[in-house]
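Novice: Below are the structure tokens for one structure; questions will follow.
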Amino acid sequence: QVQLVESGGDLVQPGGSLTLSCVCSGLPITPYAAGWYRQAPGKEREFVASISSTGATDYADSVKGRFTTSRDNTMNTVSLQMNKLKPEDTAVYYCKIQIGTLARWGQGTQVTVSS
């Protein structure tokens, strides 16, 4: 059974940094694209970043220049490095693996940016 587990969420001050990790079990991620999404209270889930099977990346305009996603296929892990965090980055962050037309999601990890 495919399972994704995110970790690394925390309370951080504005301007701080965090690194989120997403470990996949039950399936090697090498052939598949992965993505990060977030959902703030009262808002819909939104796209944050993606990385293709070949390592090509894409970012939401709101995080470009601040966030970096990467993958380590040997560790079956996708990461999201977040710098210069802002209060509006506060949300539950989810990772997703796209297996053809089927998407697998993690349970999410809470990121809170506040002084």
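Novice: Going through Thr68, Thr112 one at a time, which residue ends up being closer than 20 Å to Gln39 by Cβ and of a type in the set (Val, Ile, Thr)?
Specialist: It is Thr112.
Novice: For the stretch 8-18, what are the residues that are open to solvent by 50 Å² or more (accessible area, probe 1.4 Å), part of a strand (DSSP E or B) and in contact with a Leu (Cβ under 7 Å, 6 or more places away or on another chain)?
Specialist: Our first condition is that a residue be open to solvent by 50 Å² or more (accessible area, probe 1.4 Å); within the stretch 8-18, this holds for 10-11, 13-15, 17.
Keeping just the survivors that are part of a strand (DSSP E or B) gives 11.
Matches in the stretch 8-18: none.
Novice: Go through (1) of a type in the set (Gly, Ala, Ser); (2) open to solvent by 30 Å² or more (accessible area, probe 1.4 Å); (3) modelled with pLDDT of 95 or more for Ala40 and report which single condition fails.
Specialist: Tallying (1) of a type in the set (Gly, Ala, Ser); (2) open to solvent by 30 Å² or more (accessible area, probe 1.4 Å); (3) modelled with pLDDT of 95 or more, Ala40 fails exactly one: (2).
Novice: I'd like the full set of residues that are β-branched (Val, Ile, Thr) and closer than 15 Å to Arg38 by Cα, limited to the stretch 79-103. Steps first, answer last, please.
Specialist: Start the filter on the stretch 79-103 by keeping residues that are β-branched (Val, Ile, Thr), which leaves 90, 92, 97, 99, 101.
Within the stretch 79-103, Thr90, Val92, Ile97 meet the criteria.
Novice: Continuing with the same structure: Would you pick out the residues in the stretch 61-79 that are open to solvent by less than 20 Å² (accessible area, probe 1.4 Å) and within 10 Å of the chain's Cα centre (by Cα)?
Specialist: Matches in the stretch 61-79: Phe67, Thr69, Val78.
Novice: Could you please find all residues in the stretch 80-103 being modelled with pLDDT of 95 or more, open to solvent by 30 Å² or more (accessible area, probe 1.4 Å) and outside any loop (DSSP other than H, G, I, E, B)?
Specialist: From the stretch 80-103, those modelled with pLDDT of 95 or more are 80-97; that's our starting set.
Narrowing the set further to residues that are open to solvent by 30 Å² or more (accessible area, probe 1.4 Å) leaves 81, 83-84, 86-88, 90, 92, 94, 96.
Correct list: Gln81, Pro87, Glu88, Val92, Tyr94, Lys96.
Novice: Kindly indicate the residue of the stretch 1-37 that is β-branched (Val, Ile, Thr) and over 20 Å from Glu88 (Cα atoms) and also modelled with the lowest pLDDT among those meeting that condition.
Specialist: Of the residues in the stretch 1-37, the ones β-branched (Val, Ile, Thr) are 2, 5, 12, 19, 23, 29-30.
Adding the requirement that they be over 20 Å from Glu88 (Cα atoms) leaves 2, 5, 23, 29-30.
Working: Val2: 90, Val5: 97, Val23: 97, Ile29: 93, Thr30: 93.
Looking at residues that are β-branched (Val, Ile, Thr) and over 20 Å from Glu88 (Cα atoms), I get Val2.
Novice: Could I ask something else about it? Residues that are more than 14 Å from Gly106 (Cβ to Cβ): find the strands (runs of 3 or more DSSP E) completely inside the stretch 19-60 holding 2 or more of those.
Specialist: Details: elements: 33-39, 46-51, 57-59.
Fully inside the stretch 19-60 and qualifying: 46-51, 57-59.
The values are calculated or read from the model by the stated rules, or taken from the named source; none is laboratory data. Just so it is clear, the structure is predicted and the values come from calculations on it, not from any experiment. Cβ coordinates were reconstructed from backbone atoms using ideal geometry, including for glycine residues, and neighbour counts include every protein chain displayed. Surface areas here come from the heavy atoms of the whole protein model, side chains and all, with no ligands, DNA or RNA. Shrake-Rupley method; radii C 1.70, N 1.55, O 1.52, S 1.80 Å.
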